[in-house]
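Colleague: The structure under discussion is supplied below as structure tokens; questions concerning it will follow.
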Amino acid sequence: MTLLATALDELDRNLLALLRVNARESTANLARRLGVARTTVVARLGRLEQAGVIAGYTVRLGQDAAGGGLQACVSIAVQPRSGRDVLRRLNKMPEVHLLCSVSGEFDYVAWLHAASADQLDALLDTIGEIDGVTRTTTSVVLARKIDRGGVLP
């Protein structure tokens, strides 16, 4: 039975929470904060990585260090059976950093990064003109208040 087939225990969840705050934290410090042996942390990390719970470690840039520009969240509604074509077109746009299919009144939510308001406006026009897109709603990110995983670039 794989780790994904079983629930994470409290130690796993606490370890993951600490790594979300600082993925570069040393195993010794993680062990101290969790009240376990360093070897336990190393074993848990290995098991979580092997099971795919931890897919990698990355750098999250600060809000101002990401090269400036604007970040926006765009909800996209598409016509029935148009999803694959819309997905292909969105995949070709480098400004689209994350695309998720969602339930509810929209079919997709896209996280965008644009260098300027003019570029964002043009990008939104391009998305709206894709065959199969029926409606979009956009929210521009003003500030990150909580960031636990770097969903935005």
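The values are calculated or read from the model by the stated rules, or taken from the named source; none is laboratory data. Please read these numbers as outputs of a predicted model, since none were measured by experiment. Virtual Cβ from ideal backbone geometry, glycine too; neighbours counted across all protein chains shown. Quick note on the areas: whole protein, heavy atoms, side chains included, nothing else; ligands and nucleic acids left out. Shrake-Rupley method; radii C 1.70, N 1.55, O 1.52, S 1.80 Å.
Colleague: Could you figure out which of (1) buried (at least 16 other Cβ atoms within 10 Å of the Cβ); (2) at pLDDT 95 or above; (3) farther than 19 Å from residue 141 by Cα isn't true of residue 102?
Modeller: With (1) buried (at least 16 other Cβ atoms within 10 Å of the Cβ); (2) at pLDDT 95 or above; (3) farther than 19 Å from residue 141 by Cα applied to residue 102, the lone miss is (1).
Colleague: For residue 148, state whether it is open to solvent by 70 Å² or more (accessible area, probe 1.4 Å), at pLDDT below 95, touching a Lys or Arg at 6+ places or on another chain (Cβ under 7 Å) and not polar (S, T, N, Q). Lay out the reasoning, then the answer.
Modeller: Numbers: open to solvent by 70 Å² or more (accessible area, probe 1.4 Å): yes; at pLDDT below 95: yes; touching a Lys or Arg at 6+ places or on another chain (Cβ under 7 Å): yes; not polar (S, T, N, Q): yes.
Considered against the rule, which asks whether it is open to solvent by 70 Å² or more (accessible area, probe 1.4 Å), at pLDDT below 95, touching a Lys or Arg at 6+ places or on another chain (Cβ under 7 Å) and not polar (S, T, N, Q), residue 148 comes out as yes.
Colleague: On the basis of being open to solvent by 40 Å² or more (accessible area, probe 1.4 Å), modelled with pLDDT under 95, more than 30 Å from residue 129 (Cα to Cα) and touching a Gly at 6+ places or on another chain (Cβ under 8 Å), does residue 58 make the cut?
Modeller: On the way: open to solvent by 40 Å² or more (accessible area, probe 1.4 Å): yes; modelled with pLDDT under 95: yes; more than 30 Å from residue 129 (Cα to Cα): yes; touching a Gly at 6+ places or on another chain (Cβ under 8 Å): yes.
Considered against the rule, which asks whether it is open to solvent by 40 Å² or more (accessible area, probe 1.4 Å), modelled with pLDDT under 95, more than 30 Å from residue 129 (Cα to Cα) and touching a Gly at 6+ places or on another chain (Cβ under 8 Å), residue 58 comes out as yes.
Colleague: Output yes when any residue across region 22-43 is under 20 Å from the mean Cα position of the chain (by Cα), of a type outside the set (D, E, K, R), within 22 Å of residue 147 (Cβ to Cβ) and at pLDDT below 90, and no when none is. Outline the logic, then answer.
Modeller: We begin by selecting, within region 22-43, every residue under 20 Å from the mean Cα position of the chain (by Cα); these are 22-24.
If we keep only those that are of a type outside the set (D, E, K, R) too, we end up with 22-23.
Now drop any that are not within 22 Å of residue 147 (Cβ to Cβ), which leaves 22-23.
Now narrow it down to the ones that are at pLDDT below 90: 22-23.
Yes, the conditions are met somewhere in region 22-43.
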